[in-house]
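The values are calculated or read from the model by the stated rules, or taken from the named source; none is laboratory data. As the structure is a computational prediction, the values presented were derived from the model and not from experiment. No Cβ is skipped: glycine too gets one built from the backbone with ideal geometry, and neighbour counts run over all protein chains shown.
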Amino acid sequence: MSDDDNAYLGLAEVHEGDEAHWAFGTGFEDPLHGTDTALPPGVDGAALAARCLALGDDALVLAQRLAQWCTRAPELEEELALANIGLDLLGQTRLLYTRAGQTDGSGRGEDDYAYRRDAGAFRNVRLAELPNGDFAECVVRLLVLSAWRLAVFERLAGTATDPVLAAVAAKGVKELAYHRLYAAEWVVRLGDGTEESHRRMQQALEAVAPYLDELFAAEDVREQVEPVLRQVADSAGLVLAQTAAAPGSGRDGEHTEHLAPLLAELQSVARAHPGATW
Amino acid sequence: MSNPDWPLYEVFVRGKRGLNHVHVGSLHAADDRMALTHARDLYTRRNEGVSIWVVRSSAITASTPDEKDPFFAPSGDKVYRHPTFYDIPADVPHI
């Protein structure tokens, strides 16, 4: 049988050092392959760790919110799409937490950061932790956060002084570009859809607007992100108005009341069975 | 389940080593772009694809089982249409 008969034949291929586990696919790339994990001279380990932790927290909390759509999404295909995006973010979180543990001197692992910290120790931006709301809020939040994170990662991929962070960012850029595309298409589709879908999309945009300043205070990419958001809003017939910013910042550990219950669910198994392994 | 109001699309994926797009399944989507992203999320999750085609199922004209004999039986006895009477040079690929 030739590969032309079956698009999935490539899955059974055996790659070097990578036995064929059909169910998991083969030929996966290690995004950090060949990257030196030693801290480069002149780089402040504590500051680097804090940056990795904050970017990891953003991704972990949003991934958990996206996972909460499982069994609740409006369509089977959307459920899978949102879970896929969440898993991309979870992968970014793991690499960033691992790097934080290597550079903050504590020797902590990814589980320590994800499962053994309380809400006050998380540094994610608050937009990631807000409740899911309806599908309009889901996609407009995803649009904003993925456009913002994409701009941050594009910059880090080119300029980060830490080669590990640069490699993690370079991997994330491809994922985030798809997340942004997915979200933007839905925002346009619903914003330019029926009267009701337009109204709910406009409401959703107004609900996230107060949290935009926090994003740009945390990572200064306003110039790259705002034109993207305006372009999508214009295509969708939506108005992205100036809004009073919600005071405070998740980067300083100031969170809404919604983060603690999210973490309680995320950490419940790890806390019920401390030290358990698969 | 998928929204019955959304049209059905057929999905074709070209694998990493494949030369052709191959039919892998179908899905529902509201428009062509959505069909493409759904196909990406449903059918290329395990690192399989390098290219996707989607097409509305309604755009496909298919032969019917009733036409099976008049369509296909006549070619069954024309052995001279098979290139079995030639020696194929070893360096000619894809035959």
Looking only at segment A:236-256, count how many residues are within 24 Å of A:His198 (Cβ to Cβ) and surrounded by 15 or more Cβ atoms within 10 Å (Cβ to Cβ).
-> 4
Leading residue by the ranking (nearest to A:Pro261 (Cα to Cα)) among those in segment A:77-136 that are of a type in the set (Gly, Ala, Ser) and within 14 Å of chain B (Cβ to nearest Cβ) = A:Gly86
Based on what the data block shows, is B:Phe85 modelled with pLDDT under 90, surrounded by 10 or more Cβ atoms within 10 Å (Cβ to Cβ) and not acidic (Asp, Glu)?
-> no
Yes/no for A:Thr243 being outside any helix (DSSP H, G or I) and at pLDDT 95 or above = no
Here is a list of conditions, (1) more than 28 Å from the chain's Cα centre (by Cα); (2) modelled with pLDDT of 60 or more, and A:Arg51 meets all of them except one; can you say which number that is?
-> (1)
Please tell me if A:Ala136 is more than 20 Å from A:Leu96 (Cβ to Cβ) and either in a helix (DSSP H, G or I) or in contact (Cβ under 8 Å) with a residue 12 or more places away in the chain (or both).
-> yes
Filter result for A:Leu87 (crowded, with 17+ Cβ neighbours inside 10 Å and either assigned to a helix (DSSP H, G or I) or touching a Lys or Arg at 6+ places or on another chain (Cβ under 8 Å) (or both)) | no
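Quick one: would you say A:Gln92 is at pLDDT below 95, buried (at least 20 other Cβ atoms within 10 Å of the Cβ) and in a helix (DSSP H, G or I)? Lay out the reasoning, then the answer.
Working: at pLDDT below 95: no; buried (at least 20 other Cβ atoms within 10 Å of the Cβ): yes; in a helix (DSSP H, G or I): yes.
It is false that A:Gln92 is at pLDDT below 95, buried (at least 20 other Cβ atoms within 10 Å of the Cβ) and in a helix (DSSP H, G or I).
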Any chance segment A:242-259 includes a residue that's of a type in the set (Lys, Arg), more than 25 Å from A:Phe153 (Cβ to Cβ) and touching a residue at least 24 places away in the same chain (Cβ under 8 Å)?
-> no
